[in-house]
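The values are calculated or read from the model by the stated rules, or taken from the named source; none is laboratory data. Quick caveat, the model's predicted, so the values are computed rather than measured. Here Cβ is always computed from backbone atoms with ideal geometry, including for glycine, and neighbour counts include all displayed protein chains.
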Amino acid sequence: MPGRLPTKNDFPSSVTLSITPPPASQPPTNVLILLHGLGDSNASFTKLGQQMSLPETVCIAVQAPNPLPFDVGGFHWGDDLIFDQQTGDMDMDTGFKAATRLVLDTVIQDGLVGKCGYKARDIMLFGYAQGGMVALQAAAEHDGEELGGVICIGSILSLSVPLKALDKKSRTPVLACKASKRTAVTDGAVSRLKDAFDFIEVKEWKKNGDGMPGSRDEMLPIMQFFSRRLRSVRGVPAGSVELS
């Protein structure tokens, strides 16, 4: 039996999130948690979930807990806020202990598993840049059954996660999308992902700088990953393959 459709009452009022039910009154067999990038809010990823309209999938766009300073708008996932003294840019990797606990414990374990009746395998994570780093850390630290999968765009596993502290590699499959030029996902970052996860697929887009998919060709590997990992109680679509 799949879990029931979540409501905002299943989560603490301190957590800002939006819930988009599956299309056309389909059963909420899967949950996709969407995590935005640094300086954004959950509004853009609420729209993303609506646009993807994945079958039998409820989308939950979670907002990062920390507002940016100086009333510039937007939010960040980090435990701290550090600026590069040379460029003035914000450092993307400032540790994610609090954000990981929010996503892994509050949203997934307490809300979706504990209250709504989902299994870990029914839950997938999709994150961009800093949001993807939180998704990767949550999956790496998750105990027990594998999650449905992680799709991360321009994201690395935070250096604050000591690989030696991980008892064993996570069996949650990961699709890592990166730009061919000026990407945060270096060869070293990919190697670190392979040290933490059993199943890593890296897709390189021919573009300058990590960014959200901007074409059908860039979106194709993401939709193929969904087709392999999303479950269905209405029958498996022709051509899809279930990976265990």
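Points worth noting:
- In region 16-25, residue farthest from Gln50 (Cα to Cα) [restricted to those that are modelled with pLDDT of 95 or more and surrounded by fewer than 17 Cβ atoms within 10 Å (Cβ to Cβ)]: Thr16
- Positions within region 101-124 being assigned to a helix (DSSP H, G or I) and within 18 Å of Pro2 (Cβ to Cβ), in sequence order: Val107, Ile108, Gln109, Gly111, Leu112, Val113, Gly114, Lys115, Ala120, Arg121, Asp122
- For region 130-147, a residue qualifies if it is surrounded by fewer than 24 Cβ atoms within 10 Å (Cβ to Cβ) and assigned to a loop (DSSP other than H, G, I, E, B), and the qualifying residues are His142, Asp143, Gly144, Glu145, Glu146.
- Considering region 198-228, and only residues there that are surrounded by 15 or more Cβ atoms within 10 Å (Cβ to Cβ) and of a type in the set (Gly, Ala, Ser), the residue that is farthest from Ser158 (Cα to Cα) turns out to be Ser227.
- Annotation for region 34-53: at least one member residue is touching a residue at least 24 places away in the same chain (Cβ under 8 Å), under 20 Å from Ser155 (Cβ atoms), part of a strand (DSSP E or B) and not aliphatic (A, V, I, L, M).
- Region 137-155 residues that are closer than 14 Å to Gly127 by Cα, paired with ones that are in a loop (DSSP other than H, G, I, E, B) and of a type in the set (D, E, K, R) (beta carbon under 6 Å, 6 or more apart): Gly154/Asp210
- Matching option when the condition is modelled with pLDDT of 95 or more and out of contact with any helix residue (DSSP H, G or I) (no Cβ under 7 Å at 6 or more places or on another chain), among Phe83, Phe45, Phe11, Phe70: Phe45
- Boolean, Leu38 is at pLDDT 95 or above and surrounded by 14 or more Cβ atoms within 10 Å (Cβ to Cβ): no
- If you go through region 156-169 and pick out every residue that is touching a residue at least 40 places away in the same chain (Cβ under 8 Å) and either β-branched (Val, Ile, Thr) or part of a helix (DSSP H, G or I) (or both), you end up with 1.
- Asp217 being more than 21 Å from Met52 (Cα to Cα), free of Cβ contacts under 8 Å to residues at least 24 places away in the same chain and not hydroxyl-bearing (Ser, Thr, Tyr): no
- Residue that is modelled with the lowest pLDDT [pool: residues in region 92-115 that are more than 17 Å from Ser14 (Cβ to Cβ) and in contact with an Asp or Glu (Cβ under 6 Å, 6 or more places away or on another chain)]: Thr94
- The residue that is surrounded by the fewest Cβ atoms within 10 Å (Cβ to Cβ), among those in region 170-197 that are touching a Gly at 6+ places or on another chain (Cβ under 9 Å) and outside any strand (DSSP E or B), is Arg182.
- Where Gly214 falls short, out of the listed (1) assigned to a loop (DSSP other than H, G, I, E, B); (2) modelled with pLDDT of 95 or more: (2)
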